[in-house]
1. Provide a whole-number value for the mean count of partner chain Cβ atoms within 10 Å of the Cβ atoms in peptide C:68-80.
2. Per 10 Å bin from zero, what fraction in whole % of the C-alpha pairs of region D:379-487 is there, up to the bin with the longest pair?
3. Out of A:LEU117, A:VAL82, A:VAL92, whose Cα points farthest toward the positive end of the dipole of region A:27-295 (charges: +1 Lys, Arg; -1 Asp, Glu; placed on Cβ)?
4. Please report the buried accessible area for the interface of A with C, total over both chains, probe 1.4 Å, in Å² to the nearest 100.
5. Can you work out ³J(HN,Hα) from phi for every residue in region D:336-342, in order, using Karplus 6.51 cos²θ - 1.76 cosθ + 1.60 and θ = phi - 60°, giving whole Hz and x for Gly and Pro?
6. Rounded to the nearest 10 Å², what accessible area does B:LYS145 show when all protein chains are kept and the probe is 1.4 Å?
7. By the 4.7 Å beta carbon criterion, which cysteine residues of the protein assembly as shown come out unpaired?
8. If you restrict to DSSP beta bridges whose two residues both lie in chain D, what percentage is antiparallel, to the nearest 5?
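The values are calculated or read from the model by the stated rules, or taken from the named source; none is laboratory data. Everything numeric in this text was worked out from a predicted model, so none of it was measured. Cβ sites come from the backbone with ideal geometry, for glycine too, and all protein chains shown count toward neighbours. SASA here: full protein model, heavy atoms, side chains in, ligands and nucleic acids out. Shrake-Rupley method; radii C 1.70, N 1.55, O 1.52, S 1.80 Å.
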Amino acid sequence: MTSTTLAGSAPRRVTLLVTRVGGQNLSLIGALAVVLALFGLLNDNYLSWNNVQVIGQAVTITGLLAVVQTVVIICGGLDISVGSQAGLASVVSAMAFTSAGSNALLGMGAAVGVGVLVGVLNGVVIVYGRVNATIATLAGLAAYKGVAQLISNGRAQGYVLNDSVFIFLGRGKIAGLPVMIWILVLVATAVHVLLKYTDIGRNIYAIGGNDTAARLAGIRINKYLVAVYGLIGAVAAVAGILLTARTGSGQPVSGSEGLELKAITAAALGGCALRGGKGGIGGTLLAVALLGALENGLTGQNINAFWQNVAQGSLLVVAVVIQQRRSGERAVGLPA
Amino acid sequence: MTSTTLAGSAPRRVTLLVTRVGGQNLSLIGALAVVLALFGLLNDNYLSWNNVQVIGQAVTITGLLAVVQTVVIICGGLDISVGSQAGLASVVSAMAFTSAGSNALLGMGAAVGVGVLVGVLNGVVIVYGRVNATIATLAGLAAYKGVAQLISNGRAQGYVLNDSVFIFLGRGKIAGLPVMIWILVLVATAVHVLLKYTDIGRNIYAIGGNDTAARLAGIRINKYLVAVYGLIGAVAAVAGILLTARTGSGQPVSGSEGLELKAITAAALGGCALRGGKGGIGGTLLAVALLGALENGLTGQNINAFWQNVAQGSLLVVAVVIQQRRSGERAVGLPA
Amino acid sequence: STGRESTGNAGDTGATVSGKISLTYLQKQGDQEYFIGEAAGAKAKAAELGIDLKVVNLGNDANKTVSEVQSAIAQKSNGLIIVVPDPAVGPQVVQTARDAKIALLTSDDQICTTGPDPSACSADSLVPRIGFSGAQMGGEVGKRAAEEFKKSGWNPAETRIISAWKQDVTVCGDRVKAAKEAFGSAAGTGVQNIDVATDNTPTGAQDKIAATVTANAGVKHWVVWGCNDENVQGGVTALQNAGFSADNVIGVGLGAYLACKGWGSGKPSGMKAALFINGSDVGALAVQTMYDRLRNGKDFPKEAFAPTKMVDAATWQASGVKCS
Amino acid sequence: MQLSVETTASGGAAVRDLGKRFGAVQALDGVTLEFPAGQVTALMGENGAGKSTLLKILAGDQPPSQGEVLIDGKPVVLHSPAQARAAGIRIIPQEPEIIPHVSVAENVYVGALPHSAGRRLDRAELGRRIRADLDRLGFTRVLDPELLGSELTPAQRQLVEILRALTGEAKVIAFDEPTSSLSEQEVAALFALIRRLREQGVAVVYVSHRMQEIFQLADRVAVLRDGALAGVLDAARTSEAELVRMMVGRDLSAMFVRERVATDRVVLDVQDLRTDDVHGVSLRIRAGEVVGLAGLIGAGRSELALALAGDRPVLGGRVLLDGTELRPGSPGAAIRAGLGLAPEERKAQALFLYRSVRDNISLVVLERLRRRRFVRRGAERELAGEYVDRLRVRTPSVEHEVRKLSGGNQQKVVLARWLARRPKVLILDEPTRGIDVGAKAEIYQIIADLAQQGVALLVISSELPEVIGLADRVLVMQNGRITGELDRAEASEEAVLSLAMADDLAGATREGKTE
Ligand SMILES: Nc1ncnc2c1ncn2[C@@H]1O[C@H](COP(=O)(O)OP(=O)(O)OP(=O)(O)O)[C@@H](O)[C@H]1O
Ligand SMILES: Nc1ncnc2c1ncn2[C@@H]1O[C@H](COP(=O)(O)OP(=O)(O)OP(=O)(O)O)[C@@H](O)[C@H]1O
Ligand SMILES: O[C@@H]1[C@@H](O)[C@@H](O)CO[C@H]1O
Ligand SMILES: [Mg+2]
Ligand SMILES: [Mg+2]
């Protein structure tokens, strides 16, 4: 019996294709189309190029964190401290910028440096301290926020909107597209390529899929995990720098608090299994876009914040239920 | 070959014993002792009976939510919406109380009723809608908060401190111990007995430990899961009622927001594995007490909020690291 | 583009709008009682004037602030009224509004065109504003607390003040600071102050203050103030639970929406007074001011204040405090 | 000789026109078959023929796409495992499902824990029952009821599953390859048990790839091919050759004989290796040599393999590969130095169930398949395809998720990974667990080829004929020590068993200390 005899007829091929492009992704694309169409009908400005850019910029920071959250979830880990890391980086970038006599590159360098340090610290605590990733980063959520507040005394720091680099990051455009969106696209593409096309990515999926098997296959799990948390730190720092650029000063808490939940939501909605080994950047980005488009649309329709909460919650559930109905899974026990 | 050769050598037996009596619990007791001793030395009033009661009352609401969170985590699930459920119950209790012409029992009954309803809804969405528990209850977090805000128009509702039942709940004592603490003790004991001494409880462990095994053994997993989420709803409602009794009015958001993270932290620190099948009420309560004693001590020492964040985060990590060092686990991959 | 095209002073052209006016009111902490009142006042006024008003909740999120300002512009709003979560984001908001040539008015909290700190801003760089002043509110609170304190005849050595607020909310810090200063100068004697870090919720404040009270066992009398009613109410309840009778507690609230509940029950309360600030007045005034500017070309005033009023158990009903 | 397949009313179970489809795969295709009470019906077929699927339907675990199940001649509804249990059906699944953090006793009685009317768990009764069960079945010495599920070896897990199936009143008990991780002793106990069940009038269904067992136990043999029933034979009147022909559709060449090709060059040199469970093991394997490792349950063979592969903290001794010492505690280092281990527990230790066959096979050869860290897809697919064909992995394509394969086919994927790696030293721990006859021959051939190419092989197997047939030399372990060595001429089943069970003085001392 050879592999080809079983390769099957045309409809089978289609099923195969769907699995490969991702049933999850197709559903998300469908949901996104519905949201865009709905609000597009209700509001002439919704689908304007202007508003699309607004949505893109609004989701950039969450999007960056969701991208790296995806990586760590695929590894079987989690990082609840991403928001605090971004806040810390924001403050550091602004303070270093100010004390270096308005040197933007130095400010940004310091932020990324601190970010990597914090990320690696997370990784080390988890891997070598044997602390469960959820607990470790929950602790980080509090601790890094505290550090950001301490060094800033809880106040917004510095002012960067007299610097051309920060202005460019926060408001500039390249080829008609805001710089922020470019950064998200760049980071997401790089991570996607890493995950899908390199052996490093394969190993990351392997670690999350079955860590014992990964170890017996010779993968240096510890090194990978620490590196992944380091990567998160670096990207969270970029998010923090953008936060500074966008708001004009280093924000210890505001603008970054709660982003962990948004990032995890996006990753989970995008198809990451929280037990690891499954997921991808495509799904996560679609989820980020969906949530951003939804929020923008609801606000544009002047739905009040309370209704928005109800609507967002319900829509999230409805989207997933429909998705699952399509896949015809049996309803027993907890879904992954 | 005899059973002794297989059961392993002496040191292994000891480790086994420690794991089973709860190495986790021993470490938590140790950590709690350190915290109590430290702050007791720094402040004469810290260990006063008065302050112990203050701590107890301060942790009651979180404690209740942590207890039920423990159950659902043992099942392999999660409930991120507990805080919102408590907020909704708080508002409902106050509003029903007011519109029933100051009938406290009616107010509380309505809150519990709504709580069970919401909990069962969570369960049904998860089990029959095939929505991952994290996503479903994340959606609930937003949606139930929204509902609470909508029915209250976002305002604190009613005033219950002219009613003796509510006053008794919020400020009364029985045998010298505040009623709130009694309620926590009662609920915790009941749940503990359920988990440890009934076949229902053992089935809950089985479901979380290996749902396939449980299903093949004929355990009706779906029924169990829906019931557990219903139980969460009921207990979250009790928490909400206490919130009302404590603050004097129904609070849609204030006082309940963020409790989910605290509850999950306590459960995880108390030894629940987030992948299910492991944990117990004892550990969770110890963790609740530890976090409460810590917070109270730090506040009593007039440590500012920023340092408190740093201290709480670091101590959480240190506690777990020490605990793990003791158990001598090998540092490979992600700890459970 | 580099993003810096329009740093000049172009911006709002001062042109009037002839068609239907559409406004966006962006508020920090939109789920908090005060701001809910403000939104209600704004909506009522908008309906009365026949204009289109969107209200957006910014939470405490400086980043969302920028997003929502951009979004309002993309949705072709004619004017923005904003309460920023953090004044540091002010210049970015101003810049974005200017780029889009759209009218901008602030309410409650000030923002500065040229830098993050309104208190270090030259008067002509401050964006026109409707509201109360944090320093003034805090001052009223401190003054009233001092009056109550003098009336009580307490021994300062046996008295402590609790200042409760969420320490990373800067406007809270301003109020508390002003209250301390006003109390200091009005009370004549110094009373030791304890800062208590809270999360601005009644239960959070209650737990923290309860811990503080037990840790300071020798104290006989307490003065409590804070960022808002939640903090003070939590503190008063904690003291009550700790066995302090109402006449050993001076709580001065800020907002009156929780203080009123205890007064309504007719029992003696540690909550001696509260500064009633009616958000709905501010909301209505802000909308009216924007309308005048857009419809009639009337320039914004630099600053306009809605009235605040110190109320207590005897006067709250007559002063128009509504208790839900 | 074929038996008739009409359903009698004499009791037992039957399936009528049973079919099951998984997307593109027709796993079962109109099977009508009887499992009479008081008889052992063996179910045979190649990997992926549909045996487990049939059992899963009986268990109420999978709904059939067509057809029905009958008990005592009457159709039964099996929408859930609970209903199947109620109908008196018990299945011992191919992969044991163990609950990690509860005791063996609770694991066995899961879903049927003794409790009072108030639902209070009766722990004393539970203890009594489990001890009685272990006693009755002769497992007392190999399974401590207080152990947690997570502490069990594969064999013990299997025993738990068997015990679980015997709780309550059963009319039909189906065993899905129950012996694949058991050693001779437990197999004997199990067979005694099965014979008792048969006498009690239970309808026993027995799935296995081991011919010997079939002829020892079965009354009738049903053969599945490509999901359809190929025929039912009377076990007493059929032959191995006939069964094989029916399963595979062709004759297989005669029993495999391997030529000795060992050289003098020592590739693997283990000196006094000690870990928690390995107590001073020394051994040498030469290029082209195949060394067999035999022993009973818990003898420490798998522990030794894991220690060699760098997966256990080493307490003493060294491992030299081509003269260079391996860094202990690092499987990565061992692999890079040229040592490969195909571990015994495919699901726990080897497979990425939610990844494709391709991903699973290529994982340890990515270095060869990548250009600047980018994996060359084409080359990867080709490599996977090659091994899928050689090992006859029954899968619709190399992109199929591994969890959707049958147990035997999953095992082939594990082997494919390590065969593709072509290490200098290859350790195979229970390589043919659950593998059908045809593929077994193919695997033996590959082992021979590897030896021919100078690979040093260590083969661990609980199937004595396999060890003896393959190995140039057989090492026997007991209690973490090597208790004897037999060369090819000496190695007989009796000789190996006597060494495996020989009294081990040092082991006895260790026991003494435990008490
Ligand atoms: N859940 C599933 N999804 C998709 N295909 C499946 C699933 N379960 C089984 N199959 C397919 O059904 C066919 C029959 O598998 P089954 O497990 O019944 O084989 P088997 O006879 O038990 O083989 P083995 O001897 O290897 O255990 C195989 O092709 C397998 O890939
Ligand atoms: N009854 C038991 N209780 C605890 N651990 C056991 C028991 N039996 C075996 N072990 C553990 O099993 C390991 C040794 O068995 P190992 O798996 O290496 O044996 P094996 O020879 O491969 O046999 P098999 O795989 O057939 O069980 C050691 O970790 C030993 O501690
Ligand atoms: O909480 C206060 C509210 O009471 C009002 O003063 C406006 O500012 C908010 O921060
Ligand atoms: Mg099978
Ligand atoms: Mg073994």
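1. If you average over the peptide's residues, the count of other-chain Cβ atoms is 5.
2. Here the calculated profile for region D:379-487 is 13, 44, 31, 11, 2.
3. Farthest along the dipole direction, towards plus: A:LEU117.
4. 3200
5. Along region D:336-342, the couplings run 5, 6, x, 10, x, 10, 8 Hz.
6. Probe radius 1.4 Å; accessible area of B:LYS145 about 40 Å².
7. A:CYS75, A:CYS272, B:CYS75, B:CYS272
8. 55
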